[in-house]
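Written out below as structure tokens is the structure these notes cover.
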Amino acid sequence: MKKFLLVCLTAVFMLTSSELWAQERTVSGRVTSAEDATALPGVNVVVKGTTSGTVTDAEGNYKLSVPPGTQTLVFSFIGLSTSEVPIGDRTTVDVQLSLDVQQLSEVVVTAFGVQQQKKALGYAVQEVKGDQFTTVRDPNIVSALSGQIAGAQITSSSGGVGSSTRIVLRGASSITGNNQPLFVVDGIPISNRASGNSGSGGGTDFGNGAADINPDDVETISVLGPNAAALYGSRASNGVILITTKSGKGTKGLGVSVNASVQFDNPMRLPDFQNSYGQGASDSFFQYIDGSAGDEGVDESWGMPLDIGLEAVQWPSGGQYAEPWVSRPNNVKDFLETGVLSTQNVALSGANDKGNFRLSFTNLNQTGTLPNTDLTRKTIAINSGLNLSSKLSADFSANYVNGHSDNRPVTGYTGQNPIQQFIWSGRNVDFAALEDYKNLPLATTGLGAGYSPVNWNDRFQNNPYWASYNNTNSNQKDRVFGNIKANYKITDWLSVFVRTGMDYFTEGQTRIRAKGIESTTNGNGFYQEYMETNYEANTDFLFSLRKELTTDFVLAASAGGNRRDESFTQLTSTAPELELPGVYNLSNVKSGVAVTTTNFKSKKRVNSVYGSLNLAYKNYLFLDVTARNDWSSTLPDGENSYFYPGVSLSAALSDIFEIQSKTLSYLKVRGSWVQVGSDTGPYALVQTYAFRSPWGSVLSPSESNSLLNPQLKPEITTSIEAGVEASLFEGRVNTAITFYNKTTNDQIIPVQISGASGYTSRNTNIGEMVNKGVEVQLSGSPIKSNGFEWNITLNWARNINEVTELAPGLDALNLGGHWNVSTQARVGEAYGAIFGPGFVKDPNGNIVHGENGLPLIDATYRVLGNFTPKWTSGLNNTFAYKNITLGVLIDGRYGGDIHSMTTSWGRYAGVLEETLLGRETGIVGKGVIDNGDGTFRPNDVVVTAEQYNKAAYSNDAAESAVFDGTYIKLRQIQLGYRFPNKIFGKTPFRDVTVSFVGRNLGLLYATIPHVDPETAFSSGNGGQGLEFGQAPTNRSIGFNINFKL
Amino acid sequence: MKIKKYIIPALLSCVLVFSCTQDFEEINTNPNGPVAVPAVLLIPSLAEGTMDLLYSTFNGGDMGSAWAQHWAKVQYNDEERYRTRDTQFDAIWNTLYSGTIQDAKIMEALAIGESNENLQGIAVIMQVYAFSVLTDIFGDIPYTEAVRAKEGINTPVYDTQESIYTALLARLDEADALFGADGGSITATSDIIYAGSYAKWQMFGNALKFRMLMRMSNRSDFNRQAELQEIVDNRAIFGSNADEAKLTYLAASPNNNPVNASVIGGNRGEYKVNSVLVDMLEDSSDPRLAVMAQLNNGGIYRGKPSGIIDVPSATWDYPNVSAIGTLYLAATAPAYFMSYSEQEFLIAEAAKRGLISGGDAEAKVHFDNGVIASFRSNGLDVSDVLPADPDDIILPADIYRRDNPYVDASALTQIHTEKWISLFGQGIEAWTEWRRTKIPVLSPAIEGVINEIPSRYQYPPTEQALNGVNYTAAVAAQGPDLLTTEVWWMK
């Protein structure tokens, strides 16, 4: 935004500045930013005490004739501290300008793209610059926000290519609905819908919709909390991520910029496997027979000790002869490949007084660490503005995204996921030897018999390489989003715009399961084509008025309306079993089996009118009133109109009471109260029959298990926030603190009811959830001297969430779950209680063991943890010295539990390091034995390690696998060097910057074993807090170069 | 002012456009499913939904056939050792209530609306069938307030099994009276059980009534003998295997038999035959053994006893224990609501016990009918009447019948034992009838977590959470919510 202002001011300045001055001598130089050493164009350079001066050009260079005797030049620019530089006899004066805290609250983008003085805002708005995303790369822009925003809980699901990322601002507010903010690009909402079906039991995560936003085209991201976003309507009750794309504005003539990067991905963390015992159930014998019948049928590692000179008949010899029984410490690491992420962007931009344009092309290629997984994404972005007359202007922006993947990884507990196989495995298995699967004999047992190559175990598992290359989940996505807008200036105080925009995408997914795969009917594989289209169109208009009522009072008001139309279609065709191997066409369905085809369509419309009134007094006291009314097609007649108001107040106390000092230069307090009403999805009112899959060719309708409700009414979220912003120590320290309380009532929820009622759920307006919290932003410049500068920004946010009410008599609602564990909204607990079977405990909290020495499981389930973190934080340090910059971002969270089935099954199967304990001597479980008379004695029964681990870690002993998800992560490092332009001489290269970058470099702190605590099965509510066999998070290291021509 | 002239109307018209709710009803009309259907279209969902559940290896297998000791598993045998999985209780509860009973109740209302009494009768029978399975496996369950969410009842109270039986039997009388040639047509393609024959549905309803009366008959206060007699004397009941109530599955997934889908399609070969069955059939040279079991890798029939934690082991492994017979693993294997042979064994028992008239003579007729029907269900040739000349008795089934004739002194044990054999594959019914008769004598699973064969299922955990008050009252009335608590008709 600074640069935008800059250009405007430049223009203004150029028009008004005097053209005449004496030419006694010439001083020239370059003005750069103290923060990042970039060139500062448009800086005013004035001879002190005169009106003589100039402005810097696009490269930050200036040349100024000064009268004799000139001693000082004044360098100034809005938002930056004014610098008075004594020039002496110098003819070259280079200057660095740093951010001015007094004006730090410059303009920010708020609702409807309105640029407002930050001082005037009665609510918190946070802004992140686009260049934060284009040096260190994360293919998902939502992940790239990690650590940068106070109060944002960001969870990257996994390290699988294209996987989704969840973002929640100020805590979850909806019990079963969407909890993520609305994404708005250039004023038009776009879908963040997660496509895919990933879960604990398998499926593929095809990513969240906002991941299609190309970081290279992002100018700024404004993060609006619910209080700032109310004018965006229903979907803004979770806040808004407001993205402004780059435009050609401010370009002088024609500009070309190029950015290219390559990063190499490796697992940040893998489970700690044991390497002392091999496959099997017996510690004294192992013999491979046919892949299934013998000890190889057991996919566990409770077998014979490794590396002590033993030999056993194993799979590579096909059961023919004994081979050394040795460990393979790197067998999992070696299976995984080095992923590569490469990105190239070229942007062409230009501007003159008639308008501006920017055209950008970006190519992203990624290969995953799991074999044969990839992602490509090509983006074309066009942004242009045209000044048709002094009153009429038009803007156009369009983005075309073409995403493609030959294969995406599969999540969870399925044979498609190689990580699952590594958890249920023998530690002696040399997975690498399976890679040459094309030359291995075919399996003779299991469903793969005759079709898939032999594996170390053919009873449950396919050869993981064969599976990776033959069972694929590909997708193809084409997406267009953008808008056209006409702006008419009716008078100098009144203007109106009309805009229409849309977001349209089709996604095709193809699922192939080859004949011989263990997990399909008869091992016959299947073939599935899936196609969905998403369409959302928004047309809106807005009248804006701004008038100085008196010298003290300024009135700004706006009024407008919006029509939103959404439609969605889905078509799935499946050949459930295949006849001929290797032919992937729906017609190749097994004889006698029918191709099944299902489809779904939905539509929705929301009409809205809204307005706002802003009154400013002496530019230090600001009152803002907003109101919106929506009419939604999804609610019943009579309840489908809902009104929600908001009010906010901002007072710049330092201005009002004139208390600026060196210690305190700026102090502002603000407060806001808003409501946001919400509707529901389409077709939530009238009961319809569902079609079961037909009986042969006989139609089979059935009553749905969910009872709809024709009397739904809108949900209401009420959000209050209050904050203070201050600048201290001459702007060396800036802080903003915000307290908030957000309550959502009358939530529209499919409440689970007793199945004996005839339905398993019923749609009702019930429930209340409260989020209270505080967000703190602190930034400072501890060192700023001799060209060296150190800046710190710290954000920290505490959120206290409580489910305060569900339906009468209802304690909990399930959000998700796996095995015997469910994640719940439970009254009196924070959102996301992890509920399941725990150990029996004595009154002192010791685990009670049976007479057999094994821990007892309590038949009554209880709360074992909670996936909602208590606080989140990010710390960004940047260091700049001359042309070198270094940025280090650390982020973390405190709390947020995870139920880790990697630990459960890994210990059950004896593959994890912890299972070494007591292998030879046995284990005495820590705890007590019930004497049966109300007293307890210490447990003294020795059991085998296998017995103990299987009793204490399994699907029905969940407590042992619930871990605290607290972590501190070294999120990213970037080290950049900007070459001086002079070394490129007359070549066209300018502003060449080369950076060494690293992302997700490591966990600085975590208590959970084996896995990255930042994990989920999807970006949905039900995918949180649960873990099994995720594709490991990528530690990404690489290089970036950008330059201009 | 000139501007005002345009702006105010423009603003107003915009507001009108953006606030209109015209077309909302059309936009929000669901195009994906019908709001109304003809009653008969619900039969496929009722039949398949119910049997997919009851024949699921996780239900009818793990907690039916394994508990009746027809089957035994060589791996993953937690349920066989009475360590149950809560999610399966939920599955049974929710599928029968919100699937079968819900659809059947809607079908009843639709049939009344269509004045089709035959369809109405079918809808009543299916409700009774599902309720009877539920109460047999759980004991006291919601009945009078069940499946009434539309009336606002989210937390139905539990009724006693005794009162439910009384009510269900009355419903079956009601159904019997509904059927008739002028009761309305049943579209044959949709009636995937009887292809449109109201008469056979009527037989099923009455046979079911006989079964339910017999279920109550071991109670000392049983006094409905006359109704048993009335069924035998006056009502249409099964006359042969052609009449029995069964769903014959189709060859292709997803309409194949669930046991086929799991054991063959899903490669879950750990489901094997039990040594109790193998030993018994071997002892009596029963030719059904070769149908119910496959040879093991040693070329013999070898069953595994129930239980044992540490499997597979060298002793009990996939190759060395006999797999379930291919007839029972076939995609098109039928799933039985109630078989003709079961009806015949129940009549034989009633006659033998004097609950109906006819004594041993009558009992023998029905015992023979049952055994013959069972052989035929197993695809074995058998003579209707044993050949008079001993030299003509050459069919293995006839030889078996000759060697195991009805003997007055041991008839009850014979009837129960033959019924137990005949119920092979019908997991839940086999276990339920065993709970009533306790014949053959079975030992609890080796290394079971309880030391007896379960008397019931535990209530699903969702009931504790979603219907807590009524659940608590039911537990107080019936006894602790344990596998070992006997249901009313066992007491």
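The values are calculated or read from the model by the stated rules, or taken from the named source; none is laboratory data. As the structure is a prediction and not an experimental result, all values here were calculated from the model. So basically every Cβ, Gly included, is an ideal-geometry build from the backbone, and we count neighbours across all protein chains shown.
Some values worked out for this structure:
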item: Test result for B:Tyr55, under 19 Å from the mean Cα position of the chain (by Cα) and aromatic (Phe, Trp, Tyr); result: yes
item: Yes/no for A:Phe541 being assigned to a strand (DSSP E or B), out of contact with any Asp or Glu (no Cβ under 8 Å at 6 or more places or on another chain) and of a type outside the set (A, V, I, L, M); result: yes
item: Elements of type helices (runs of 4 or more DSSP H) in region B:359-473, at least 1 residues being farther than 30 Å from B:Ile309 by Cβ; result: B:359-377, B:396-403, B:411-422, B:461-466
item: Residues being within 26 Å of A:Glu566 (Cα to Cα), buried (at least 19 other Cβ atoms within 10 Å of the Cβ) and of a type in the set (S, T, N, Q) - total across region A:688-704; result: 1
item: Single residue of B:Ile192, B:Ile237 found to be within 14 Å of chain A (Cβ to nearest Cβ), closer than 17 Å to B:Tyr129 by Cβ and of a type in the set (A, V, I, L, M, F, W, C); result: B:Ile192
item: Strands (runs of 3 or more DSSP E) contained in region A:190-268 and holding at least 3 residues at pLDDT 85 or above, over 17 Å from the mean Cα position of the chain (by Cα) and within 20 Å of A:Pro409 (Cα to Cα); result: A:253-267
item: Residue in region A:569-592 that is at the interface with chain B (Cβ under 9 Å from one of its Cβ atoms), touching a Ser or Thr at 6+ places or on another chain (Cβ under 8 Å), among the β-branched types (Val, Ile, Thr) and within 30 Å of A:Trp466 (Cα to Cα) present; result: no
item: Qualifying residue in region B:113-125 (condition: of a type outside the set (D, E, K, R) and at pLDDT below 95); result: no
item: Residue satisfying all of: in region B:112-144; touching an Asp or Glu at 6+ places or on another chain (Cβ under 8 Å) and within 10 Å of chain A (Cβ to nearest Cβ); nearest to B:Arg435 (Cα to Cα) among these; result: B:Ile141
item: Filter pass, A:Ser678 being surrounded by 20 or more Cβ atoms within 10 Å (Cβ to Cβ), of a type in the set (Ser, Thr, Tyr) and closer than 30 Å to B:Val35 by Cβ; result: yes
item: Residue within region B:180-189 that is within 22 Å of B:Ala333 (Cα to Cα), within 14 Å of another protein chain (Cβ to nearest Cβ), in contact with a strand residue (DSSP E or B) (Cβ under 8 Å, 6 or more places away or on another chain) and surrounded by fewer than 22 Cβ atoms within 10 Å (Cβ to Cβ) present; result: yes
item: Neighbours by Cβ (under 8 Å, 6+ apart or cross-chain): first from region A:918-935, without any contact (Cβ under 8 Å) to a residue 12 or more places away in the chain; second among the charged types (D, E, K, R) and surrounded by fewer than 18 Cβ atoms within 10 Å (Cβ to Cβ); result: A:Asn931/A:Arg937
item: First in region A:955-973 and more than 25 Å from A:Gln153 (Cα to Cα), second anywhere and among the polar types (S, T, N, Q) and crowded, with 19+ Cβ neighbours inside 10 Å, Cβ under 8 Å, 6 or more apart; result: A:Asn955/A:Asn820; A:Asn955/A:Ser904; A:Asp956/A:Asn820; A:Ala957/A:Ser904; A:Ala958/A:Asn820; A:Ala958/A:Ser904; A:Ser960/A:Thr903; A:Ser960/A:Ser904
item: Selected residue (only one of A:Gly887, A:Gly853, A:Gly828 is touching a Phe, Trp or Tyr at 6+ places or on another chain (Cβ under 9 Å), in a loop (DSSP other than H, G, I, E, B), touching a residue at least 12 places away in the same chain (Cβ under 8 Å) and surrounded by fewer than 23 Cβ atoms within 10 Å (Cβ to Cβ)); result: A:Gly853
item: Test: residue in region B:310-319 that is more than 14 Å from every other protein chain (Cβ to nearest Cβ) and either surrounded by fewer than 22 Cβ atoms within 10 Å (Cβ to Cβ) or not in a loop (DSSP other than H, G, I, E, B) (or both); result: no
item: Residue in region B:241-249 that is in contact (Cβ under 8 Å) with a residue 12 or more places away in the chain, within 12 Å of chain A (Cβ to nearest Cβ), assigned to a strand (DSSP E or B) and of a type in the set (A, V, I, L, M, F, W, C) present; result: yes
item: The one condition in (1) in a helix (DSSP H, G or I); (2) buried (at least 24 other Cβ atoms within 10 Å of the Cβ) that A:Asp131 fails to fulfil; result: (2)
item: Of residues in region B:326-353 being under 19 Å from B:Asn296 (Cα atoms), out of contact with any Gly (no Cβ under 9 Å at 6 or more places or on another chain) and of a type outside the set (Val, Ile, Thr), the one surrounded by the fewest Cβ atoms within 10 Å (Cβ to Cβ); result: B:Ala330
item: Hits in region A:657-684 - residues which are part of a loop (DSSP other than H, G, I, E, B) and either among the charged types (D, E, K, R) or at the interface with chain B (Cβ under 7 Å from one of its Cβ atoms) (or both); result: A:Glu658, A:Lys662, A:Asp679, A:Pro682, A:Tyr683
item: Hits in region A:716-762 - residues which are within 12 Å of chain B (Cβ to nearest Cβ), within 22 Å of A:Gly832 (Cβ to Cβ) and either modelled with pLDDT of 90 or more or touching a Cys at 6+ places or on another chain (Cβ under 8 Å) (or both); result: A:Ile753, A:Thr760, A:Ser761
item: Residues (farther than 18 Å from A:Ala961 by Cβ and more than 17 Å from the chain's Cα centre (by Cα)) located in region A:1022-1035; result: none
item: Some residue of region B:35-57 being more than 8 Å from chain A (Cβ to nearest Cβ), surrounded by 24 or more Cβ atoms within 10 Å (Cβ to Cβ), of a type in the set (D, E, K, R) and touching a strand residue (DSSP E or B) at 6+ places or on another chain (Cβ under 7 Å); result: no
item: Those residues of region B:195-217 which are of a type in the set (Ser, Thr, Tyr) and either within 14 Å of chain A (Cβ to nearest Cβ) or surrounded by 21 or more Cβ atoms within 10 Å (Cβ to Cβ) (or both), in sequence order; result: B:Tyr198
item: So A:Asp299, is it part of a loop (DSSP other than H, G, I, E, B), away from chain B (no Cβ under 14 Å), acidic (Asp, Glu) and over 30 Å from A:Gly403 (Cβ atoms); result: no
item: Subset tally (residues that are of a type in the set (Val, Ile, Thr), farther than 19 Å from B:Asn267 by Cβ and away from chain A (no Cβ under 13 Å)) for region B:320-346; result: 0
item: Residue satisfying all of: in region A:314-333; in contact with a helix residue (DSSP H, G or I) (Cβ under 9 Å, 6 or more places away or on another chain) and over 22 Å from A:Glu913 (Cα atoms); surrounded by the most Cβ atoms within 10 Å (Cβ to Cβ) among these; result: A:Gln314
